[in-house]
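The values are calculated or read from the model by the stated rules, or taken from the named source; none is laboratory data. On a predicted model such as this, the values are computed, not experimentally measured, just so you know. Positions of Cβ are backbone-derived with ideal geometry, glycine not excepted, and every protein chain shown enters the neighbour counts. For the accessible areas, the whole protein counts, side chains as well, though only heavy atoms, and no ligand, DNA or RNA atoms are used. Shrake-Rupley method; radii C 1.70, N 1.55, O 1.52, S 1.80 Å.
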Amino acid sequence: MTSYDRPTTDAHADPDSSAGPSSAPPGQDAEGAADGRQVTEAALFEAFGGVRGMVETVVPGLLFVTIFTINKDLHVSAIAALAVSLVLAAVRLVRKDTVKHAFSGVFGVAFGVVFAMMTGNAKDFYLPGMLYTLGLATAYIVTTLAGVPLIGLMLGPVFKENLSWRTRNPGRKTAYAKASWAWGLILLAKCAILFPLYWWADTTQLGWILIALKIPPFLLAVYLTWIFLAKAPPPIDVFAEMEAKEKAEEEAEERRRIERETLDRVADGLGRDLVPEITAEPPADRPQGGGRHRR
């Protein structure tokens, strides 16, 4: 266990906090809470892609089901969906934006195209995404039961707290667990709707229902995550702690260096003072050799 993952009573506690109510101005707590909400919103947008990420997730599937509804041509629909996902990724590359969400969409669409082409069944275009959703829901629930909720693993680096919430910030661990339960159950409910439709509905019906279920469950899960984290204690910035520790070590090393140089200078000065006394000849009137006086 590292020094940044050790249990502590309260990493941000004021030593005098037990003496009585806080003496901070009335608006300060509200301002801090507002800052915490803004940080949480920014982290969620970064982690889940925000509005643009949702658009990049929806557009390829929407184009596929639209074209297939019109002409029932699997090849044209699949190629169009893959082409638009590649265009969205290319736009991000040209603009030097984060490409992880666009490329995840490209891979998802590519897997769907491969499945549909291999089986000749247009519904199989949606099957990889449905299996991914089911696996993700299972991961949220299993990791939460194991004490390491997946949302915490995803958002910890974004909040610069890494895994410190596991042992040093129990309030945030509880919030991450609640958020992971919300994601897991919402995605399971989505799977409970889609998988029966995969067997019973035709490609067009499945496609439009899947498109309709793309954004609302996602927004609900993100909103619940924001609610849980906004009410949780602030994250412990372990990166700032490591920087402070490194700075303290550098300052201590600098002090030791200065002390060594000072001692060396003192030793050199004492040596220069003692050398003349050691090498000086004895006085001329001092008796030599201890000889006897003649009578």
For the range 179-200, indicate whether the set of residues that are among the β-branched types (Val, Ile, Thr) and farther than 16 Å from Tyr132 by Cα is non-empty.
no
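Does Thr119 meet the test of being free of Cβ contacts under 8 Å to residues at least 60 places away in the same chain and among the polar types (S, T, N, Q)?
yes
Conditions (1) at pLDDT 90 or above; (2) under 30 Å from the mean Cα position of the chain (by Cα); (3) of a type in the set (D, E, K, R), marked per residue:
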site: Val58; (1), (2), (3): no, yes, no
site: Phe64; (1), (2), (3): yes, no, no
site: Ile79; (1), (2), (3): yes, no, no
site: Leu93; (1), (2), (3): no, yes, no
site: Ala102; (1), (2), (3): no, yes, no
site: Met117; (1), (2), (3): no, no, no
Positions within the range 178-188 being open to solvent by 30 Å² or more (accessible area, probe 1.4 Å) and either of a type in the set (Lys, Arg) or under 13 Å from Leu210 (Cα atoms) (or both), in sequence order
Lys178
Does Gly147 satisfy the condition of being under 24 Å from Phe107 (Cα atoms) and among the small types (Gly, Ala, Ser)?
no
